[in-house]
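The values are calculated or read from the model by the stated rules, or taken from the named source; none is laboratory data. Note that the structure is a prediction, hence the values are computed from the model and not measured. Reconstructed Cβ throughout: ideal geometry from the backbone, glycine too, with neighbour counts over all protein chains shown. Surface areas here come from the heavy atoms of the whole protein model, side chains and all, with no ligands, DNA or RNA. Shrake-Rupley method; radii C 1.70, N 1.55, O 1.52, S 1.80 Å.
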Amino acid sequence: MRKTKWAGLLILVLMLTGCSSMKVEGYRGAEPKLDLFAYFEGKTYAWGQFQDRSGKVLRRFTVEIDGQVNANQLTLDERFVYDDGEFQQRIWRITQTGEGRYIGEADDVVGQAQGESAGNALNWRYTLDLPYKDSSIHVRFDDWMFLHPDRVMLNRAEVSKWGFKVGEVTLFFSKQPLDGAEG
């Protein structure tokens with residue numbers, strides 16, 4: 001009887017885990033259609049924050065992004081400014097490997113990022129080597145980006161360590177300058 005209970009519990013957990021996972025394919029018909037390279041070519045601006053797992057905002061930041069497209073590769077030069085004055089730069093090299101399929105690399109990304117898009121959505125998954133105290137830790141990002149009208153994009157990323165959620169990043173992207181003036 002005890003083995004039956006454990007087997008039933010295991011099956012229930014597996015079913016719930018399988019049902020809760022969003023699939024990018026479910027957004028195939030959503031508009032406006034996201035063309036990742038066209039959206040990020042040129043200047044893009046972002047405002048964001050990191051929340052801990054309880055939802056408390058720990059850090060806020062702005063990002064200025066310069067995007068260059070060369071054939072099937074997009075290079076994103078991201079410059080972050082945090083509310084505590086810290087500056088950070090990340091340069092992504094994103095390659096389209098097929099229809100709606102991407103791989104990405106950056107110096108602080110462990111291995112390659114895997115991306116998939118359909119309709120107005122992009123799901124981007126990667127491991128980041130994040131500075132922490134006097135060292136660094138590897139955290140997993142499950143990023144979801146959704147394009148809205150007027151070239152606005154919302155981004156929500158769940159951050160996890162060893163399969164446990166440690167926080168969330170929320171971002172708002174726009175093709176409009178940070179201060180209303182190009183520069």
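A few notes on this one:
- Taken together, the residues in region 167-183 that are open to solvent by 50 Å² or more (accessible area, probe 1.4 Å), at pLDDT 95 or above and either of a type in the set (S, T, N, Q) or farther than 15 Å from T62 by Cα (or both) amount to 1.
- Top-ranked residue in region 65-76 [being assigned to a strand (DSSP E or B) and open to solvent by 40 Å² or more (accessible area, probe 1.4 Å); ranked as farthest from R156 (Cα to Cα)]: N70
- Looking across region 79-112, the residues that are in a strand (DSSP E or B), within 22 Å of T170 (Cα to Cα) and in contact (Cβ under 8 Å) with a residue 24 or more places away in the chain come down to I94, Y102, V110.
- Unique residue being of a type in the set (S, T, N, Q) and open to solvent by 80 Å² or more (accessible area, probe 1.4 Å) when the list is Q96, Q114, Q88: Q114
- Test: residue in region 27-42 that is modelled with pLDDT of 95 or more and assigned to a strand (DSSP E or B): yes
- Restricted to region 1-26, and to residues there that are small (G, A, S) and closer than 30 Å to E78 by Cα, the residue that is modelled with the highest pLDDT is G26.
- Within region 113-146, the set of residues being in a loop (DSSP other than H, G, I, E, B) and not small (G, A, S) comprises N120, K133, D134.
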